[in-house]
Amino acid sequence: MNEEKITALKNDLKAKGVKYCVGAYVDIHGVPKGKFVPIDHFEHFASGSELYTGYALDGLGQKPNDDEIASVPDLDGLIILPWNKEVAWFPADNTFHGEPYEINTRVALKKQLKKAEEMGFGMNLGIECELFIVKYTEDGKMEIPNSDDNITKSCYDVKRFMDRYTWLDKVSTTINDLGWDLYSLDHEDANSQFEFDFQYSDALTMCDRFIFFRLMAKQYAAEEGLMATFMPKPFADKTGSGAHFNMSLFDKETGENLFKCSVEDDPRGLGMTKLGYQFIAGILKHGPALCATFAPTVNSYKRLVRKGLMSYYSWAPVFNSYGKNNRTNSVRVPMGGGRFESRNADAACNPYLAATLALAAGLEGIRENLDPGPAMEENLYEWTPQQLADSGICELPQTLDEAVDAFAADPFVTEILGQELRDEFIKYKSEEWRQYHQRVSQWEVDTYARMF
């Protein structure tokens, strides 16, 4: 955007009552960070005037003696905060000495999208947004806000949905006011769990929207004295919150969906082109490594279980496999085809990092003409280890430690992210596991304190 347009944008924002602007980049966890700049300094802000000590944040690869990184806002991503119209929000990238900063996940995604463009492809992405609304008590525990939201199967329950109507309406209205085109929302499978589905977009835009959605949902919940949590598994006896990645490639010239064909023209009957199956095969080839970014927390792996402490199956994908409308696979091709979803992605993921590796893996599948094999339509939860082995199906990592090991062991990760960004992720996630593993939990106290 040239200087004249930047000044025009500044004047327009001032006329709308904007007083401050923030260029929000994310740390390794996908948490937005940024400085607030008075609107009178908008021209400087737009050119990357704001400097940051990267050592103060997780995963930006800096030491105390390093030069500062800068934040450059993406001016096309403007959102005036619906709950505070004096603040203008922009997604942002980091730069270092005037060049894109390689240890930044949004920069990594843009780099991978450029590689896709060189092959003639763009990437469409839809992220299903699931979360819990809870009370956070004074003793640091989470509770379901409604005492009668206690039925075993609360999925799609109308009464419990209406109990949270004010919050749901605020979020839904804002999604549509922002032009994201909400097409569905519901009470999800667990008590006080909800899902929002809005129209897919290009991958970068969708990741920007997901980051903003988490901020928005928390804001509106706080206004009601509640907390929106994107913790993947806040309650051991309830289902967890996913963020299913729905992916397809489109032709950069025509916009045509390159994964879509008629069910009759697909020998497997799923409505996917050969290109789509090649992409899926790439995802499966690197499935264990990708799992670390789709499910990036200790808590994530308490969601990725067959059953756990629940009375029925968890719906969570624990197998590195694909199929049609079979939710025991990690990769699912919904009815009608033309896209697929990676179901092990959860609500805590850094969407830029996960999308970067998913796109790269899919492009590798295309370049190498990979085939994912037959679709799995059986209930894999009930298969024996021998049946799984005979079919060539492996389980996805079962802990964050296993996932990080798979991430570290796959040379593909270093090739795509570079050594420094790869190492930052491993460093922070390994430390996360170490700290968790050395804590004494309430379960240990309850089980062992009086046992011996």
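The values are calculated or read from the model by the stated rules, or taken from the named source; none is laboratory data. Note that the structure is predicted; figures quoted are calculated from it, not measured. Glycine also receives a Cβ, built like all others from the backbone with ideal geometry; neighbour counts cover every protein chain displayed. These accessible areas exclude ligands, DNA and RNA; they are computed on the full protein's heavy atoms, side chains included. Shrake-Rupley method; radii C 1.70, N 1.55, O 1.52, S 1.80 Å.
At-a-glance table
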| quantity | calculated |
| --- | --- |
| Only listed residue being assigned to a loop (DSSP other than H, G, I, E, B) and crowded, with 22+ Cβ neighbours inside 10 Å, chosen from L270, L284, L249 | L270 |
| Complete set of residues in segment 143-187 that are acidic (D, E), surrounded by 12 or more Cβ atoms within 10 Å (Cβ to Cβ), at pLDDT 95 or above and farther than 18 Å from A222 by Cα | D181, D186 |
| Number of positions in segment 82-94 that are acidic (D, E) and either assigned to a helix (DSSP H, G or I) or out of contact with any strand residue (DSSP E or B) (no Cβ under 6 Å at 6 or more places or on another chain) (or both) | 1 |
| Subset of segment 195-244 (residues that are in contact with an Asp or Glu (Cβ under 6 Å, 6 or more places away or on another chain) and modelled with pLDDT of 95 or more) | E195, D197, F198, Q199, P232, S241, G242, A243, H244 |
| Residues of segment 95-142 classified as open to solvent by less than 50 Å² (accessible area, probe 1.4 Å), assigned to a strand (DSSP E or B) and closer than 27 Å to H187 by Cβ, total | 10 |
| Residue in segment 429-436 that is surrounded by 13 or more Cβ atoms within 10 Å (Cβ to Cβ) and under 20 Å from T356 (Cα atoms) present | yes |
| Residue pairs meeting the criteria (Cβ under 8 Å; at least 6 apart or on separate chains; first in a helix (DSSP H, G or I), in segment 2-23; second loosely packed, with under 13 Cβ neighbours inside 10 Å) | L9/M1 |
| D446 being over 22 Å from K285 (Cβ atoms), open to solvent by 90 Å² or more (accessible area, probe 1.4 Å), of a type in the set (D, E) and not in a loop (DSSP other than H, G, I, E, B) | yes |
| Pick from segment 176-192, criterion in a loop (DSSP other than H, G, I, E, B) and in contact (Cβ under 8 Å) with a residue 40 or more places away in the chain, ranking: farthest from K153 (Cα to Cα) | L178 |
| Check on A243, of a type outside the set (D, E) and in contact (Cβ under 8 Å) with a residue 60 or more places away in the chain | yes |
| Among the residues listed as T7, T53, the single one being surrounded by fewer than 16 Cβ atoms within 10 Å (Cβ to Cβ), hydroxyl-bearing (S, T, Y) and within 26 Å of L353 (Cβ to Cβ) | T53 |
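For (1) touching a Lys or Arg at 6+ places or on another chain (Cβ under 9 Å); (2) open to solvent by less than 10 Å² (accessible area, probe 1.4 Å); (3) at pLDDT below 95; (4) closer than 20 Å to E128 by Cβ, each residue gets a yes or a no:
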| site | (1), (2), (3), (4) |
| --- | --- |
| C291 | no, yes, no, yes |
| N325 | yes, no, yes, yes |
| V333 | yes, yes, no, yes |
| F340 | yes, yes, no, yes |
| C349 | no, yes, no, yes |
| Y352 | yes, yes, no, yes |
| A358 | no, yes, no, yes |
